[in-house]
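The values are calculated or read from the model by the stated rules, or taken from the named source; none is laboratory data. For clarity, every value in this text was computed on a predicted model and none was experimentally measured. A quick note on method: Cβ atoms are made from the backbone with ideal geometry, for glycine too, and the neighbour counts reach across all protein chains shown. These area figures cover heavy atoms from the full protein model, side chains too; ligands, DNA and RNA do not enter into them. Shrake-Rupley method; radii C 1.70, N 1.55, O 1.52, S 1.80 Å.
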Amino acid sequence: MTFADSNARLQAVVDTMVDSVVTIDAAGTIHAVNAAAERLFGYAAGQMVGRNVNMLMPQVYADAHDGYLKRYRDTGVARIIGKGREVVAKRADGVQIPVDLAVSEFEVDGQRGFVGILRDITERKRAAAEQARLHALLAQIIDGDPVPTFVIDARHVVTHWNRACQKITGCAAAAVVGTPEHWRAFYDSKRPTLADLIVDGAHADDLLRFYKDKRLTRSPLIPGAFEAEDFFSRLSEGGSWLFFTAAPLTDGDGKVIGAIETLQDVTERRRAEEALVRHQTELELTVERRTGELADAHRQLMQSEKLASIGQLAAGVAHEINNPIGFVQSNIGSLERYFGSLLRVLEHFEKNEERVEGLGESGQNWVAEVRALCAEADYEYLKEDIPALLAESKDGIDRVRRIVQDLKDFSRPDTHQDWEWADLKAGLDSTLNIVHNEIKYRADVVKEYGPLPLVECQFSQLNQVFMNLLVNAAQAMPEGKYGRITIRCGSGAEEAWVEIADTGSGISKENLERIFDPFFTTKPVGKGTGLGLSLSYGIVKKHGGRIEVKSVQGEGTTFRVVLPVRQAPATP
């Protein structure tokens, strides 16, 4: 059988193959191609057969004479016979494409030839490149996120550990990335993190074994994710409280391929909550004792509008200042740490300033030391963060000042707060930020804002009304039930309105008539003073508006605050 006969038989077989097949002789001349090769290269079989394979794969056969082919066989072809190798093929239109090439050698009647099997890997290369790009982009996003974040894969190996996570844990990324040792950043002995349990597919009951009494809840936003709070004694001197969320990472088929966990330091908030409970208890006892005394000895005097209102405001001050004081305390703590770092840099500068004289080698070394100290203290970050903390602290202190000033103004009827044109939607958003921690464990917030004009008002007092209504809505949710708070607003007929609706327990008909009475509350002892709604009623009335309320027990309550857009001119 001749070489040509062999190719004829081979042609009938290879035409049915999906992969491209090209047969050549020892000189590199193409003897046969299959249909798949015609589609791959864009040539008809007659345009390829009889020509040198260099036209299809210049990278593999740059020349066709025997001497070169022998050298190439001894070096290149011998290495790829029976194996795959990635090479570049050239199509008829001049486009170069990557292909997988497997070569085998055969001999018929003393004639040596080669069979090349090729597969187009363009899409595979493109997919790999896109995957690499997305992986790099994800790494940049996670590392640049100010929220402490780490990611593990299905083997519990850390793939990402961002700078914020390094800062909060004190554990460098180099120590954990590529290892399953991330537990060391949090615990003294080996135990799974919340992300590890998510990867293992743990159910809520399994999670409670590790996070019992840790405020463990399902995430209201992310399917399969959980949130919890826990105390970590090794994170800082005296330990730290962290709020953390872990969510599964899945592939296109829904299979869990890892988990991402975010951390938030809530130590100051927890301390503020503990202080708030103490203060509320003391306040409740004081109010209860004083109310009893007044009821027994001065019932008629207590009915005086002036004394009742002053009592409302005095109790309201304790309730309202807790929010701004909370973040002021947090910021001052951060500023103390920042100042210590800056002080070390400045002291080093003052003690070694003379070493720069002459700018000799010692001066250059000193400059390097100062720069290293600046880097260690994260000097550039502190320069940006300290002004922001100061501004926020100043705003918090200013809120406290305004609350106290409101009490003083009420005691002096001849003084008046300035009226201003304000955006009530902006007030709602800022108030939501303040009460976020009170709401997030109890309900989702849904905003259904309609068109709303600027309203002439005393803006800070209306924000106080919104705060009271939002906190009440959150506290109305039954224990263990996650509800919804819907905020709506709109306008019409020279009036603007804001509506806050909850899916809580509702208010009974007999209590509905008393909710605006001072000191009336349906909450347990230690949970409320009974002054929030009374104070809100007074503020809205002062604006010439009204508060409407609808409630169904077991379904929820809706409060609507209706205000005039423009205040009526003052009567001489």
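Here are a few things to note about the model shown:
- Taken together, Ala372, Ala388 contain a single residue that is assigned to a helix (DSSP H, G or I), closer than 30 Å to Ile487 by Cβ, of a type in the set (Gly, Ala, Ser) and at pLDDT 75 or above, which is Ala388.
- Residue pairs meeting the criteria (Cβ under 6 Å; at least 6 apart or on separate chains; first closer than 14 Å to Ile434 by Cβ and touching a residue at least 24 places away in the same chain (Cβ under 8 Å), in segment 458-487; second open to solvent by 30 Å² or more (accessible area, probe 1.4 Å) and assigned to a helix (DSSP H, G or I)): Ser460/Arg402; Val471/Glu438; Ala474/Glu438
- Residue satisfying all of: in segment 121-141; touching a residue at least 24 places away in the same chain (Cβ under 8 Å) and open to solvent by less than 80 Å² (accessible area, probe 1.4 Å); farthest from Ala26 (Cα to Cα) among these: Thr122
- Enumeration of residues in segment 28-52 that are under 27 Å from Glu123 (Cα atoms), of a type in the set (S, T, N, Q) and either in contact with a helix residue (DSSP H, G or I) (Cβ under 8 Å, 6 or more places away or on another chain) or part of a loop (DSSP other than H, G, I, E, B) (or both): Asn34
- Residue that is modelled with the lowest pLDDT [pool: residues in segment 537-550 that are open to solvent by 30 Å² or more (accessible area, probe 1.4 Å) and within 18 Å of Ala473 (Cα to Cα)]: Tyr537
- Residue count for segment 260-275 under the criterion of being among the aliphatic types (A, V, I, L, M) and surrounded by fewer than 18 Cβ atoms within 10 Å (Cβ to Cβ): the result is 1.
- Restricting attention to segment 180-238, the residues being of a type in the set (Gly, Ala, Ser), open to solvent by less than 30 Å² (accessible area, probe 1.4 Å) and over 20 Å from Asn437 (Cβ atoms) number 3.
- Test: residue in segment 210-227 that is out of contact with any Asp or Glu (no Cβ under 6 Å at 6 or more places or on another chain) and assigned to a helix (DSSP H, G or I): yes
- Neighbours by Cβ (under 6 Å, 6+ apart or cross-chain): first from segment 79-96, open to solvent by less than 70 Å² (accessible area, probe 1.4 Å) and modelled with pLDDT of 85 or more; second assigned to a loop (DSSP other than H, G, I, E, B) and aromatic (Phe, Trp, Tyr): Ala92/Tyr43
- Gly554 at pLDDT 80 or above, among the small types (Gly, Ala, Ser) and open to solvent by less than 70 Å² (accessible area, probe 1.4 Å): yes
- Residue in segment 453-471 that is nearest to Ile539 (Cα to Cα), counting only those that are open to solvent by 30 Å² or more (accessible area, probe 1.4 Å) and either in contact with a Leu (Cβ under 7 Å, 6 or more places away or on another chain) or assigned to a loop (DSSP other than H, G, I, E, B) (or both): Leu454
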